[in-house]
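Working notes for the structure below.
Read-outs: derived from the displayed coordinates by stated rules, not from any lab. Quick caveat, the model's predicted, so the values are computed rather than measured. Here the Cβ positions follow ideal geometry from the backbone for every residue, glycine too, while neighbour counts run over all protein chains shown.
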């Protein structure tokens, strides 16, 4: 990448993060009455739903703390992060340590814990906020949540379930991914802890079991023995999820100076773009049946903002770690498609959900799944990668 | 409607039912090894998933038994219906009487009961099959399932749940609808039972509580006191569901000779088409926020086959029960749009899921939600309505 291109990308990421994305969330999402954040925000930022999704509370608190720590040391980010941290600590933990999926605006439980998603982002938020404030109590709490989450990801217990136990179980790509993502973050916030072996095992689980190099695909669900069941779930690829896993693994290989780990992560990136890139309309498809059978999800061919955020991070990482020109071409192609379709030129921030042809399907800026996270995280990670590329 | 038009519609419904739809399901869905029906069928009928969804087993067994009873007394329909009945009785009931949501192809439980949907269609299937065969044991079983279902719909218990009890509860349009639908069917299969009061109460619940004549809308979810919570669920309209409820209520008014019930059902039909008809591309939208805020569901603007089947039935009913010309115009508009977009000219039957613009989103003929039910039921009900219009 030319230094001119690096400079221009840096300017754009910084400007979008600090001048567009964060102002949108600071202005519209903060609940000044009960604490925490609204995330059901319409196009113009108006609140269309007041329930609070626990993982989005953690994600926003992490984002704001990280911006404070790494990008822009302004009090408003720290203060607003604190509102999320307090809400998490006060309302979102069940007595047994599990975290609810959602609560009312004033913190009454709505949906029971059903996966470690809430815990994983609470852990990140607590650790990052502890780094910003030096609050050792918060760091201790983050360590406890991390331990709990690892235990529950391995041996689910205490979760609300509607599946019948024992008939069929899948190993989910999401499980080693949340462990790897959280472990890598904990390592930077808690230098005394022994996170490297945890990250290594999670990266191995992702690249060993879920990646099938014969079929050149990453599978979301595996049978317990690692085989691929011939079911819609067993054939499912989620290219955005896979490229997110790819950059987690690149980061792992980068930190441990492990070129073979990086090489395998680059394979994942290449295959996932091969499977996911929509040759008809451009952009990355959300869900694909690897054998070309019909996916179960009605939204399979939609274009989601986060898929594109994750691909842009993964491709910048690939540019940094590999000399090959193809990654820069892919990066430019994905970024160009994303910028042509996702940004809302009227009210700022990005739309989250487009039809296959790139037209806007949902006007919302946030909801149950979209909050202040993937887009700003893309900017944050990109700025640090571009900074290394410049040097 | 002119008698020529009635004749042509009759021919088309009959031909599509017996010459296209039923042959497709008889050929591709029957599991000759384990009994029951596959419903995950791709465009050409090939099986892409082998799990069995309990409510779709009941729906297909009902459809085939009803065709045998009312349209075409061929042994193949009865025999194939029996395979579904046997599968339901052998594998789909939990010990406490609740029915699973899904099981494996050989009948091992996969997903726990979470609503009375499975029971409601098993009840219909058992009763209709009892009518075909004179099997009193089956009718007794249908009566028991109907009683259980009514109890559970009123006071949910024994269901797998992930919501936290007590914080928020909704009254769901689906609850009185399944009761009304099943009660009306039971009445024809079990003339000795006292179903009329049950149907009347359910119709009153639908038209009284869920229909808001000031806002000219039918609401899917109500607060326990009947008010409309200002939440995405509280603002949700499902026009296809509402028009289905409308024809159940027209049928009720028709049977009880109650013009005021019919008049209110016609209002529901008119308002739901007003809310649901897509002025941009034609067809009926799946889910709409009555206040124009963003719906929570990514698939909100898709066009689903069943929505259009239900609207066609409701509009034919309206033509029969009301002299107003507008219903025939609406009927023709909806049928024309449906026929221009849903039928698969290559492999027969209808696609289930279209994008907003009418292009095919999913190639599948069936899955977890689409089976041998809405399309053939439209034909079956239409044939009986057209028969009455002719006389």
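What base-10 log of the normalised intensity I(q)/I(0) is obtained for chain A from the Debye formula, alpha carbons as equal point scatterers, at q = 0.14 Å⁻¹?
Rounded to two decimals, the profile gives -1.37.
Radius of gyration and Dmax for region B:214-293's Cα atoms, expressed in Å?
13.4, 40
Express in % the proportion of alpha carbon pairs of region A:240-280 at distances exceeding 16 Å.
Working: 269 of 820 pairs.
Looking at region A:240-280, the distances longer than 16 Å represent 33 percent of pairs.
For region B:39-187, what are Rg and Dmax over the alpha carbons, in angstrom?
So, for region B:39-187, Rg and Dmax equal 15.8, 53 Å respectively.
Under the definition of partner shielding as Cβ atoms of other protein chains within 10 Å of a residue Cβ, what is the mean value for peptide B:211-220? Walk me through the intermediate numbers first.
On the way: counts 0, 0, 0, 0, 0, 0, 0, 0, 0, 0.
Mean partner shielding for this stretch: 0.
Could you state, as a whole-number percent, how many of the C-alpha pairs of region B:251-336 are farther apart than 20 Å?
38 percent
Please report A:12, B:152 as a ranked list, fewest other C-beta atoms within 10 angstrom at the top and most at the bottom. The partial results should precede the final answer.
Working: A:12 15, B:152 19.
Fewest-to-most Cβ neighbours within 10 Å comes out as A:12, B:152.
Can you pull a Stokes-Einstein diffusion coefficient for region A:1-104 at 37 °C (0.692 mPa s), Rh from Kirkwood over Cα pairs, as a whole number of µm²/s?
220 µm²/s
Would you list the P(r) distribution for region A:71-114, with all Cα-Cα distances sorted into 5 Å bins from 0 and each bin expressed as a whole %?
In whole percents, the pair-distance histogram is 5, 21, 25, 18, 11, 10, 8, 2.
Mind giving me the nanometre distance, one decimal, between the label points for residue A:147 and residue A:172, set 7 Å out from Cα along Cα→Cβ?
For the pair residue A:147/residue A:172, the computed spacing is 2.4 nm.
Quick one: with label points 7 Å out along Cα→Cβ, list the inter-copy distances for residue A:86 in nm, shortest first?
6.7
Grab the eigenvalues of the alpha-carbon gyration tensor for region A:238-391, scale each by 5, take roots, and send me the semi-axes largest first in whole angstrom. Present the calculation step by step, with values, prior to reporting the outcome.
On the way: eigenvalues 129, 72, 35 Å².
Ellipsoid half-lengths, sorted descending, are 25, 19, 13 Å.
Would you mind ranking A:307, A:231 so that the residue whose beta carbon has the fewest other beta carbons within 10 Å leads the list?
The fewest-first ordering by Cβ neighbours comes to A:231, A:307.
With each run of n ≥ 4 DSSP H residues scored as -39500 (n - 2.57), what mean residue ellipticity at 222 nm is computed for chain B after dividing by its residue count and rounding to the nearest 500 deg cm²/dmol? Before the final figure, lay out each step's value.
Values: 13 runs with 204 residues, N = 391.
Counting only the DSSP helices, I get -17000 deg cm²/dmol.
What whole-number distance in Å separates the alpha-carbon centres of region B:257-271 and region B:60-83?
32 Å
Going 7 Å from Cα along the Cα-Cβ axis for the label, what nanometre distances separate residue B:106 from the same residue across the other copies?
5.5
Checking the a/c ratio against 1.5 first, then a/b against b/c, what shape does the Cα gyration tensor give for region B:138-256?
Taking the square roots of the gyration eigenvalues as a ≥ b ≥ c, region B:138-256 is oblate.
Please find, in a Gaussian network model of chain A (springs between Cα atoms separated by less than 10 Å), the residue of A:230, A:332, A:267 whose mean-square fluctuation is greatest.
Maximum fluctuation in the GNM of chain A, among the listed residues, is at A:230.
Using the scaling law 2.2 N^0.38 Å as the reference, what is the normalised Cα Rg of region B:189-325?
Dividing the Cα Rg of region B:189-325 by 2.2 N^0.38 Å gives 1.07.
Per-residue mean of other chain beta-carbon atoms within 10 angstrom of the beta-carbon, peptide A:289-297? Don't skip to the end; give the middle numbers.
Details: counts 1, 0, 1, 3, 8, 15, 5, 8, 4.
Mean partner shielding for this stretch: 5.
Would you calculate the separation in nanometres between label points at residue A:27 and residue A:15, each defined as 7 Å from the Cα along the Cα-to-beta-carbon direction?
1.8 nm
Provide the packing ranking of B:208-216, A:118-126, i.e. peptides ordered by the mean count of other C-beta atoms within 10 Å per residue, highest first.
Working: B:208-216: 15.2, A:118-126: 28.6.
Highest to lowest by the protection proxy: A:118-126, B:208-216.
Sort out for me the Cα centre separation of region B:342-391 from region A:1-44, rounded to whole Å.
Distance between centres, Cα-based: 45 Å.
Kindly provide the Kirkwood hydrodynamic radius of the protein assembly as shown in Å, to one decimal, from all pairs of distinct alpha carbon atoms.
On the way: mean 1/r = 0.0357 Å⁻¹.
Evaluated on the protein assembly as shown, it is 28.0 Å.
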